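Working notes, structure below.
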Amino acid sequence: NSETFWTTTGMFPQEFIIGFPKCVKISKVAIQCYLVRTLRIERSVSKDPVGFEECIEKDLQHTEGQLQMEEFPLPEFQATYLRFIIKSAFDHFVSVHRVMAEGT
């Protein structure tokens, strides 16, 4: 829903986890967010959200007054859970508006 978003509580790091019904192959992750400076994406193939390993970490460009739209092409890998860690920001609060994962 484009009318909703997740926002941080003002301190960093902040994180959220997305779980899939089963282990899936992912080839690309995209995110729409606002005021995120450094983002890390981790994955877990466990049945429960534990044992995460880093996939990518990136410093995002500051886009004043508009959403940041970042795509992360990833080598095809399997994941049951994706953990998004916002390590730092351009302001005290940031928001995440959409997360998309492509694969099978």
How many residues does the range 8-17 hold that are surrounded by 14 or more Cβ atoms within 10 Å (Cβ to Cβ) and either assigned to a strand (DSSP E or B) or among the aromatic types (Phe, Trp, Tyr) (or both)? 3
Restricting the search to the range 18-32, which residues are open to solvent by less than 50 Å² (accessible area, probe 1.4 Å) and among the β-branched types (Val, Ile, Thr)? Val24, Ile26, Val29, Ile31
Does Gln78 fit the bill of being in a loop (DSSP other than H, G, I, E, B), at pLDDT below 95 and surrounded by fewer than 15 Cβ atoms within 10 Å (Cβ to Cβ)? no
Could you list, in sequence order, the residues of the range 33-51 that are open to solvent by less than 40 Å² (accessible area, probe 1.4 Å), within 18 Å of Ser88 (Cα to Cα) and part of a strand (DSSP E or B)? Cys33, Val36, Thr38, Leu39, Ile41, Glu42
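The values are calculated or read from the model by the stated rules, or taken from the named source; none is laboratory data. Quick caveat, the model's predicted, so the values are computed rather than measured. Cβ: placed from backbone, ideal geometry, glycine included. Neighbour counts: every protein chain shown. In case anyone asks, the SASA skips ligands and DNA or RNA and just uses the protein heavy atoms, side chains included. Shrake-Rupley method; radii C 1.70, N 1.55, O 1.52, S 1.80 Å.
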